[in-house]
Amino acid sequence: MMDYYLEFVFPEKRVRYIAVAENEDTEKGLSDFVPFKNLFNEWFAKDTSRKVKNSLAAKFEAGERVSAYAPLGYKKHPDVKNKLVIDEETSWIIRRIYTLAFYGAGAAKITRTLTQEKVPTPGWLNYQRDGKRCSRL
């Protein structure tokens, strides 16, 4: 794929390609090894991607946690890696959400209700606990 860019796209767009680690520069002319290096790099990326997917699939299969943060209502187990335990401080929020959903509230209504009741957000809870903000929860 990179060969296509090096041979056609970059010259057409008048782009200078410099690979510092490989000491390659299109202004000086590229060595004969560039296509091989590109091929190996592409294979390496595909192989790494495959390994990551397999690793995640194995964790999913084993029921292990795969994210950096515990979801709301849970916390990381203090001793066992990749295990979650119920967080008694925040589990009431999850129970409230499920109760609202059970009685027919949709996502928008649940959001409005939690906002009206001033239920703290996961990011705010993390900030109160650790001094760290987490906008991904």
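Throughout, read-outs are computed from the coordinates displayed, never taken from laboratory work. Fair warning: this is a prediction, and the values are worked out from it, not measured in the lab. Positions of Cβ are generated from backbone atoms using ideal geometry, with glycine treated the same way; all protein chains shown enter the neighbour counts.
Against the chain, whose longest principal axis is taken from its Cα atoms, helix 34-62 shows a tilt of about 20°.
So, in the chain, how many Lys pairs have Cα atoms under 13 Å apart, if the pair is 8 or more places apart or on different chains?
4
The alpha-carbon positions of segment 22-70 define a convex hull whose volume is 87 Å³ per residue.
Restriction of the GluC sites (Glu not before Pro) in segment 63-93 to DSSP coil positions whose beta-carbon has at most 12 other beta-carbons within 10 angstrom yields GLU88, GLU89.
Measuring nothing but how far apart in sequence close Cα pairs (under 8 Å, 6+ apart) lie, relative to its length, segment 49-97 scores a relative contact order of 27 percent.
Note on the chain: the C-alpha convex hull projects to 14.8 nm² when averaged across all orientations. Going by alpha carbons, how many degrees (0 to 90, nearest 10) lie between the helix axis of 107-116 and the longest principal axis of the chain? It is inclined by approximately 60 degrees.
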